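Taking it in order: structure first as structure tokens, then the write-up.
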């Protein structure tokens, strides 16, 4: 696996499998989720992946996702599809600690 921050922008693959590490709370407990990534806003979720989230890119490095959110308008850099709910109802976003692909 290669960390996304160590390479140029992710190549455009349909539903690329990635490992997503997210920080939670002040202690920034990290949880890992295996998700499917796509660069487009228009794609429908693949079978078995009912939860859809948007990735916000950094203001300084557009190809580097920095947060997972329910919907991103500015600095959109992709979508992820998950088998499980990632954001709780009270959460607007979560910071991305790592995003790795094979």
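The values are calculated or read from the model by the stated rules, or taken from the named source; none is laboratory data. Not measured: the values here are computed from a predicted model. Reconstructed Cβ throughout: ideal geometry from the backbone, glycine too, with neighbour counts over all protein chains shown.
Note on the stretch 51-62: residues that are at pLDDT 85 or above and in a loop (DSSP other than H, G, I, E, B) amount to 3. Within the option set 27, 48, 23, being at pLDDT below 80 and more than 14 Å from the chain's Cα centre (by Cα) holds for one residue only, 27. Scanning the stretch 87-99 for residues that are over 11 Å from the mean Cα position of the chain (by Cα) and surrounded by 16 or more Cβ atoms within 10 Å (Cβ to Cβ) gives a single hit, 87. Is one or more of the residues making up the stretch 63-86 modelled with pLDDT under 85 and either surrounded by fewer than 13 Cβ atoms within 10 Å (Cβ to Cβ) or out of contact with any helix residue (DSSP H, G or I) (no Cβ under 9 Å at 6 or more places or on another chain) (or both)? No, the stretch 63-86 contains no residue that is modelled with pLDDT under 85 and either surrounded by fewer than 13 Cβ atoms within 10 Å (Cβ to Cβ) or out of contact with any helix residue (DSSP H, G or I) (no Cβ under 9 Å at 6 or more places or on another chain) (or both). If residue 42 satisfies every condition in (1) assigned to a loop (DSSP other than H, G, I, E, B); (2) at pLDDT 60 or above; (3) touching a strand residue (DSSP E or B) at 6+ places or on another chain (Cβ under 8 Å) but one, which is the exception? With respect to (1) assigned to a loop (DSSP other than H, G, I, E, B); (2) at pLDDT 60 or above; (3) touching a strand residue (DSSP E or B) at 6+ places or on another chain (Cβ under 8 Å), residue 42 is out only on (3).
Test residue 102 against the criterion of being modelled with pLDDT under 85, under 17 Å from residue 19 (Cα atoms), out of contact with any helix residue (DSSP H, G or I) (no Cβ under 7 Å at 6 or more places or on another chain) and surrounded by fewer than 12 Cβ atoms within 10 Å (Cβ to Cβ), and give yes or no. Against the criterion (modelled with pLDDT under 85, under 17 Å from residue 19 (Cα atoms), out of contact with any helix residue (DSSP H, G or I) (no Cβ under 7 Å at 6 or more places or on another chain) and surrounded by fewer than 12 Cβ atoms within 10 Å (Cβ to Cβ)), residue 102 qualifies.
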